[in-house]
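Structure first, then comments.
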Amino acid sequence: MIYFDNSATTRPHEDVLEAFLKVNRDFFGNPSSLHNFGGKAEQLITKAREQIAELAGVKPAEIIFTSGGTEGNNLAIKGAAFQYKGRGNHIISTEIEHSSVKNAIKQLEKIGFRVTWLSVNSDGIVDPEAVRNAITDETILVSIIHVNNEIGTIQPIEKISQILKNYPKIIYHVDHVQGIGKVPLDLYRAAVDLCTFSAHKFHGLKGNGFLFKRNGIRLEPLFAGGNQEQKWRSGTENTGGIVAMAKALRLAQTNLQNNVDSILQIRNFLLEELKKIDDIVVHTPAKAAPHIINFTALGLKGEVLVHALEDAGCIVSTTSACSSKEKTPSSTLLAMGASEEAALGAIRVSLSYENTMGEARQFIEALKKTLDQLNTVVRRNK
Ligand SMILES: Cc1ncc(COP(=O)(O)O)c(C=O)c1O
């Protein structure tokens, strides 16, 4: 099997699985318990927090462990909106956010918050000046995705932060779920207040993530409970998953340049080959994250091609995994001005440092064969 759906999720690294198993076998105590056995689990969490903070270039107290990207985005957005509603009720975001941001903000819209959804250009990029122009006296939160999960475009996070420096009361949240390990982001230099991470996107486990919360920023907690995670996120910690996440992040960050170089080599080869195939339109702009390629084979629905490629041994996706079953056109591509046909036919190939050039060559061969077969059927049925 050639697995090219790494933006949906990655294969957990063997060391990650081992760490998870070991912690759950030997240190299964509750980290909040009074006894020393629980204390050992607490120590493991403390160590993992320190390691993750160091790898993310921030302080340990600024890390809140969560169940993943969806929870991190909800906690950041709703937690900030509820905490700072006394300052105003206006939120700025973009038309190409992940559903966990888009739908969290839509829930806020229903209870009286006002939202400006910024449009993007044909490369899927937001103009920082549009952020400046959208700011009002009521603005309390700006939430921007760093690397788009469908097409891989990178938003100008630092340029936007230059603008927001003049508005110290506005909270700046960045969804970095697709960027980590591929597109560096210096959280302090970019003056980000809140930033979301998810372990299963960097060879960690599903159900683990963390939210960076800059020192001094406050959030209204979403979960009422036992006051874990410095009261920001109640719930017994997933000790094994947290330790495993620290391991996965170390593997992703310490080999970052090598990983990116090898992914880029594969990406450049795939792009060159895709351009040679008739009726394929590549949507990902030249300047984008190294691991995502989005294209449409004109005349074919994305889901048909996904299934046919799976039969040929290649796993890819249409849009993001959570939206792919809705069978609606990609909202990101529509926002970029793509036609409805192109947006319905979109295929996402997403790479990891585990993929090889050999797989890329096999994929192109499988794709060409699959397109020939499908196009013959389409022509016959006309
Ligand atoms: C950009 C982005 N944000 C958030 C999420 C949600 O993360 P999780 O699957 O950990 O809930 C995803 C997952 O696809 C994503 O791609």
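Please treat every number below as a calculation from the coordinates, not as lab data. Owing to the predicted nature of the structure, the values given are computational and were not obtained by experimental measurement. Every residue, glycine as well, gets a Cβ built from its backbone with ideal geometry; the counts of neighbours run over all protein chains shown.
Please find the FRET efficiency linking E54 to R218, where r is the Cβ-Cβ separation and R0 is fixed at 22 Å, and quote it to the nearest 0.05.
Details: r = 24 Å, r/R0 = 1.11.
Given R0 = 22 Å and the Cβ-Cβ separation, E is 0.35.
Can you compute the FRET efficiency between Q265 and T46 using 1/(1 + (r/R0)^6), with r the Cβ-Cβ distance and R0 = 45 Å? Round to the nearest 0.05.
Rounded to the nearest 0.05, the efficiency is 0.70.
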Practice problem: Please work out how much length the chain gains when fully extended from Q257 to L17, using 0.36 nm per residue of separation minus the C-alpha to C-alpha distance, in nm with one decimal. | Solution: 84.0 nm
Self-check item: Two-decimal Rg to Rh for the stretch 142-262 - Kirkwood Rh, Cα set
Solution: 0.98
Exercise. Mind telling me which of A244, A134, A342 comes out most flexible in a GNM of the chain, alpha-carbon contacts under 10 Å?
Key: A134
Quiz item: Which number do you get for Rg(Cα) / (2.2 N^0.38 Å) in the chain?
Solution: 1.01
Quiz prompt | Burial ordering of Y172, Y84, fewest other beta-carbon atoms within 10 Å first | solution = Y84, Y172
Exercise. Give the Rg (one decimal place) followed by the Dmax (whole number) of the stretch 260-377, computed from C-alpha coordinates and expressed in Å.
Key: 13.4, 39
Self-check item: Where Cα atoms sit under 19 Å apart: lysine pairs in the stretch 53-146 separated by 8 or more or lying on different chains
Solution: 7
Quiz item: How much space per residue, in cubic angstrom, does the convex hull of the C-alpha atoms of the stretch 66-139 take up?
Solution: 90
Self-check item: Residues of the stretch 8-32 with amide N under 20 Å of a point placed 7 Å along Cα→Cβ from R250
Solution: 11-28
Quiz item: What list of ³J(HN,Hα) values in whole Hz, one per residue of the stretch 63-70 in order, does the Karplus curve 6.51 cos²θ - 1.76 cosθ + 1.60 (θ = phi - 60°) give from phi, with Gly and Pro shown as x?
Solution: 9, 10, 6, 10, 8, x, x, 5
Exercise. For S198, list long-range residues whose amide hydrogen, built 1.01 Å from N in the peptide plane, is under 5 Å from its own amide hydrogen.
Key: F210
Quiz item: Tell me which aspartates and glutamates have Cα within less than 15 Å of K40's Cα, excluding those fewer than 8 residues away on the same chain?
Solution: D26, E237
Exercise. Send over the semi-axes of the stretch 1-145's equivalent ellipsoid, whole angstrom and largest first, taken as the square roots of 5 times the C-alpha gyration tensor eigenvalues.
Key: 37, 22, 13
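How large is the Kirkwood hydrodynamic radius of the stretch 8-53, in angstrom, based on all distinct alpha carbon pairs?
In the stretch 8-53 this quantity evaluates to 11.7 Å.
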Practice problem: For the chain, set up a Gaussian network in which alpha carbons nearer than 10 Å are linked by springs, and say which option among P168, P221, P285 fluctuates the most. | Solution: P168
Exercise. Two decimals is fine: what's Rg over Rh for the stretch 36-109, C-alpha atoms, Kirkwood radius as Rh?
Key: 1.11
Practice problem: With a cut-off of at most 14 other beta carbons within 10 Å, and DSSP calling the residue loop, which trypsin sites (Lys or Arg not before Pro) in the stretch 323-362 qualify? Please list them. | Solution: K327
Quiz item: Out of the stretch 175-275, which chymotrypsin sites (Phe, Trp or Tyr not before Pro) are coil in DSSP terms and have no more than 13 other C-beta atoms within 10 Å?
Solution: Y188
Self-check item: Dipole moment magnitude, nearest 20 debye, the stretch 265-315 about Cα centre, only Lys, Arg, Asp, Glu C-beta charged
Solution: 300
Practice problem: Compute the length gained on full extension between S119 and D279: take 0.36 nm times their separation in residues and subtract their Cα-Cα distance, giving the result in nm to one decimal. | Solution: 54.8 nm
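Relative to the present Cα-Cα distance, how much length would full extension add between K368 and S33 at 0.36 nm per residue of separation?
Residue separation times 0.36 nm, minus the Cα-Cα distance, leaves 114.8 nm.
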Self-check item: GNM top mover of T66, T254, T139 - the chain, alpha-carbon springs below 10 Å
Solution: T254
Exercise. Putting +1 on Lys and Arg Cβ atoms and -1 on Asp and Glu Cβ atoms, find which of I135, L256, H307 reaches farthest to the positive end of the dipole of the chain.
Key: I135
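Please arrange L251, L44 by counting, for each residue, the other beta carbons lying within 10 Å of its beta carbon, fewest first.
In increasing order of surrounding Cβ atoms, one gets L251, L44.
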Quiz item: For the stretch 247-382: lysine pairs with Cα atoms under 24 Å, gap of 8 or more or different chains, count?
Solution: 17
Self-check item: Listed residue (V147, N215, N89) projecting farthest to the positive dipole end of the stretch 82-234, Cβ model
Solution: N215
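Kindly provide the helix-only [θ] at 222 nm of the chain, computed as the sum of -39,500 (n - 2.57) over DSSP H runs of four or more divided by all residues, to the nearest 500 deg cm²/dmol?
Result for the chain: -13000 deg cm²/dmol, rounded to the nearest 500.
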Quiz item: Hey, what do the phi angles of the stretch 9-16 turn into as Karplus ³J(HN,Hα) couplings, whole Hz, using 6.51/-1.76/1.60 and θ = phi - 60°, x for Gly and Pro?
Solution: 5, 10, 6, x, 5, 4, 4, 5
